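Okay, structure first, notes after.
Just so it is clear, none of the values below were taken in a lab; they were calculated from the coordinates. This one's a predicted model, so the numbers in the text were calculated from it and none came from an experiment. In this analysis, Cβ positions are derived from the backbone assuming ideal geometry, glycine residues included, and neighbour counts consider all displayed protein chains.
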Amino acid sequence: GLLAFSTAPLLPVLVEPELNASSPLVPEPPPLLLATATVPELVCVPSPPRTPTRPPVVAALLPAAAVNAPPEPLVPLPTATLTPPPRPPVAGPDPIATAPLLPVDELPELNTRRPLAPA
């Protein structure tokens, strides 16, 4: 037959871990964030001399106002006509007037009971 085994797992000997006293390494900065020591070259360019004259003002004539109408149509435009739809060829239905069914004229029963006296 089969035998049942009960074996405990092998555990490591209890040892205290070593103290980690070293600090983490500082990563190198990316090359674009490095400080640069070069300054941009500035070239001095003299400003142009000031001129006291103003630009010329020419009295320009405006063109005459033109009214351009659309060209005449090549064919006459259609006329607006209102055409109602044709009437049906048969006569309409006869109107129906039916009176509602009313109950037979009966008199209601006489109520001979008196209301209760208050206590």
With 0.36 nm assigned to each residue of separation and the Cα-Cα distance removed, VAL58 to THR79 gains 2.2 nm
If every Lys and Arg gets +1 and every Asp and Glu gets -1 at its Cβ, then about the Cα centre the range 1-114 yields a dipole, in debye to the nearest 20, of 720 debye
Ranking VAL57, LEU110, PHE5 by how far each Cα lies towards the positive end of the charge dipole of the chain (+1 on Lys and Arg Cβ, -1 on Asp and Glu Cβ), the top one is VAL57
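Starting from the Kirkwood radius over alpha-carbon pairs of the chain, derive D by Stokes-Einstein at 4 °C in a medium of 1.567 mPa s and give it in µm² s⁻¹.
35 µm²/s
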For VAL45 and THR98, extending 7 Å from Cα along the Cα-Cβ vector and measuring point to point gives, in nm, a value of 10.1 nm
